Each structure stands twice: as structure tokens, then as C-alpha cells.
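Visitor: Dumping the structure here so I can ask a few things about it.
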């Protein structure tokens, strides 16, 4: 697992030990970021179910200035911190929190946080995407034209979020992985 492009291109990342997490493949990461970026001029990213932090780190490498990494699994939180230290990108605008996604969304809403990019890559078939996505919209966590990235099992169909969001891309990678990208239009 490595950083695909940007200021940390080619740098290797540590994986979370054990079988609790499933890293996004480099092939998928490259294809998705080519669609949503491929590079950013600043912005704020939320990496939910962050695992090793690979997706959020890719966004930082490609120009995002701020990131919040959320995972409730202690080994994942340790791995994210280790990867950020390896790349020497631990700074005040980059935070790592150990908490559930639901609790994190409530926490961020109370602080009136808004994001340009939200990355959602939970363990397959373990999250109610419809509920999670509607919570993000209800809590007003998105800036206009922001992107929501959802990685999920190919048998899952994600909801339409019209009129607030358009699905800008939905692609399957192999037999198990599907990516759905939403663009937030308005609140």
C-alpha cells in the first residue's frame, strides 16, 4: 500500500495489523482520485472508518490542507498516527479521533465543521449507508460542491440523495468492490 500521487507520491504506508480492516487497493485509489481531483487546492477532508488512513493521506498528498481521521478500532488509530508520522505530516490541522462514526458526526456538527471531501469506507455490509448519508446531510457537514466517496460491497445499492446530491460516478472494481461518488449541490 502506497501513496499514489502528490507530495508524498510513492511513499509506503503501514497496514493495520490483523483482519479487522480491508485496505483500499492502489488501483481503486488511483482511479477514484483521478475522478475527484486529481489534485486539490486546499480544503478539508473527513476520513470515516479510516483504517490505515490511506484515503485521507492520499487526499492530503494531493493538496487537501486539513483532515480528520475517524476509527473506533485502537490498532487502526495507532496505524494512522504512525503513517502520519512516517510522512512527517502530523500538524494541528490534521486530527485522529478514536470514536464511532455516528458519535464523530455528532461531535463535528456541534463544532460546525464542514468538509470538501468525506471518505466513507467501512467494513463491507456492516453499515447502514442510507442512515449514515442522511445523517451527514441533516447535520449540514458539507460545503457546496463537496464530494462523498463511498466504498461498498458490489451487491449493495446506495440510495439516491436527490435533490441535495447527484451520483457523479458508480463503478465496480472486481467482483466485490463498488465505488459510489456523490456531489453535494445544496442544503
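The values are calculated or read from the model by the stated rules, or taken from the named source; none is laboratory data. Remember, predicted model here, so these are calculated numbers, not experimental data. When we count neighbours, we look across all protein chains shown, and the Cβ atoms used for this are built from the backbone with ideal geometry, even at glycine.
Visitor: Could you identify the single residue in 56, 63 that is under 26 Å from residue 4 (Cβ atoms), touching a residue at least 40 places away in the same chain (Cβ under 8 Å) and not in a helix (DSSP H, G or I)?
Guide: Values: 56 fails: not in a helix (DSSP H, G or I).
Sole residue among the options that is under 26 Å from residue 4 (Cβ atoms), touching a residue at least 40 places away in the same chain (Cβ under 8 Å) and not in a helix (DSSP H, G or I): 63.
Visitor: Let me ask another. Over 14 Å from residue 70 (Cα atoms), at pLDDT 95 or above, under 16 Å from the mean Cα position of the chain (by Cα) and surrounded by fewer than 20 Cβ atoms within 10 Å (Cβ to Cβ), is that true of residue 143?
Guide: Details: over 14 Å from residue 70 (Cα atoms): yes; at pLDDT 95 or above: yes; under 16 Å from the mean Cα position of the chain (by Cα): yes; surrounded by fewer than 20 Cβ atoms within 10 Å (Cβ to Cβ): yes.
Here the answer is yes, as residue 143 does meet what is asked.
Visitor: Here's a follow-up. Return the residues of the stretch 50-73 that are out of contact with any strand residue (DSSP E or B) (no Cβ under 6 Å at 6 or more places or on another chain) and either farther than 19 Å from residue 17 by Cβ or surrounded by 22 or more Cβ atoms within 10 Å (Cβ to Cβ) (or both); say none if nothing qualifies.
Guide: If the condition is that a residue be out of contact with any strand residue (DSSP E or B) (no Cβ under 6 Å at 6 or more places or on another chain) and either farther than 19 Å from residue 17 by Cβ or surrounded by 22 or more Cβ atoms within 10 Å (Cβ to Cβ) (or both), then 51, 52, 54, 57, 58, 61, 62, 63, 65, 71 are the ones that fit.
Visitor: Same structure, new question: Can you name the residue in the stretch 82-100 that is in a helix (DSSP H, G or I) and under 16 Å from the mean Cα position of the chain (by Cα) and is also surrounded by the fewest Cβ atoms within 10 Å (Cβ to Cβ) among such residues?
Guide: We begin by selecting, within the stretch 82-100, every residue in a helix (DSSP H, G or I); these are 82-86.
Next cut, under 16 Å from the mean Cα position of the chain (by Cα) only: 83-84.
Numbers: 83: 28, 84: 21.
So the residue we want is 84.
Visitor: Still on this structure, I have one more. Working carefully through the options 160, 131, find the one that is at pLDDT 95 or above and more than 16 Å from the chain's Cα centre (by Cα).
Guide: Working: 160 fails: at pLDDT 95 or above.
After applying the criteria, what remains is 131.
Visitor: Being surrounded by 14 or more Cβ atoms within 10 Å (Cβ to Cβ) and part of a loop (DSSP other than H, G, I, E, B) is the filter; apply it to the stretch 101-128 and report the residue that is modelled with the lowest pLDDT.
Guide: Taking the candidates together, the pick is 124.
Visitor: Let me ask something additional. Cβ contacts < 9 Å: first residue without any contact (Cβ under 8 Å) to a residue 60 or more places away in the chain and on the phi > 0 side of the Ramachandran plot, restricted to the stretch 115-140; second residue part of a loop (DSSP other than H, G, I, E, B) and surrounded by 13 or more Cβ atoms within 10 Å (Cβ to Cβ), any location; separation 6+ or different chain. Result?
Guide: What qualifies is 125/156; 140/114.
Visitor: For the stretch 74-85, name all the residues that are out of contact with any strand residue (DSSP E or B) (no Cβ under 8 Å at 6 or more places or on another chain) and either at positive phi or without any contact (Cβ under 8 Å) to a residue 60 or more places away in the chain (or both). Can you show your working first?
Guide: Initially, the stretch 74-85 is screened for residues out of contact with any strand residue (DSSP E or B) (no Cβ under 8 Å at 6 or more places or on another chain), giving 75-76, 78-79, 82-83, 85.
75, 78, 85 - these are the residues of the stretch 74-85 that are out of contact with any strand residue (DSSP E or B) (no Cβ under 8 Å at 6 or more places or on another chain) and either at positive phi or without any contact (Cβ under 8 Å) to a residue 60 or more places away in the chain (or both).
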